[in-house]
Amino acid sequence: MRSFLLGFFLLGASLSVQAQDTILRTDGDEVKARVLAITPTDVAYVPTTEPPSTDTLHLVATQVFLIRYANGTKEIISNPATAVPAVGLARTPQQMNN
C-alpha cells in the first residue's frame, strides 16, 4: 500500500511539472510559458525554462495568434481584421469598387 501511494504521488508530481501554457506566435514559433495576463495590447508571461526564471516577459498582442492553456482550452488572440489575407484573395481598392 505504501509503494502504491508513493507511486501515485510521484505520478501526480510529474504531471504538475508538465502543466504549462503554450503561446503560438504569428510567425509560427511556440513559447512554453505560464501566461499571467492578457490585455488588448500585450500578453504577459513567465517562460518555463531550465533553470526556472521569474522574469515577467511581454509580447505585443499582434504577435500572438493563439494561447493553448494547460487545461486544454484555447484562446485566439489575433484580431482577424489585422490578419494578412490569403494569397490570391487580396483586392485593391479599385477592384472593390467594381
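If you go through the range 43-76, how many residues are within 14 Å of residue 24 (Cα to Cα) and among the acidic types (Asp, Glu)?
Total satisfying the criteria: 1.
Just checking, how many residues over the range 17-33 are loosely packed, with under 14 Cβ neighbours inside 10 Å and not β-branched (Val, Ile, Thr)? Can you show your working first?
Narrowing the range 17-33 to residues loosely packed, with under 14 Cβ neighbours inside 10 Å: 17-19, 27-30, 32.
Next cut, not β-branched (Val, Ile, Thr) only: 18-19, 27-30, 32.
Total meeting the criteria: 7.
Quick check: is even one residue across the range 39-53 exposed (fewer than 10 other Cβ atoms within 10 Å of the Cβ), of a type in the set (Val, Ile, Thr) and either modelled with pLDDT of 85 or more or touching a Phe, Trp or Tyr at 6+ places or on another chain (Cβ under 6 Å) (or both)? Walk me through it before giving the result.
The first filter runs over the range 39-53 and keeps only residues exposed (fewer than 10 other Cβ atoms within 10 Å of the Cβ), leaving 39-41, 50-52.
Narrowing the set further to residues that are of a type in the set (Val, Ile, Thr) leaves 39, 41.
Add one more test, that the residue is either modelled with pLDDT of 85 or more or touching a Phe, Trp or Tyr at 6+ places or on another chain (Cβ under 6 Å) (or both), and what stays is 39, 41.
Scanning the range 39-53 turns up at least one residue that is exposed (fewer than 10 other Cβ atoms within 10 Å of the Cβ), of a type in the set (Val, Ile, Thr) and either modelled with pLDDT of 85 or more or touching a Phe, Trp or Tyr at 6+ places or on another chain (Cβ under 6 Å) (or both).
The values are calculated or read from the model by the stated rules, or taken from the named source; none is laboratory data. Computed from a predicted structure; not experimentally measured. Because the Cβ atoms are built from the backbone with ideal geometry, glycine has one as well, and the counts that use them run over all protein chains shown.
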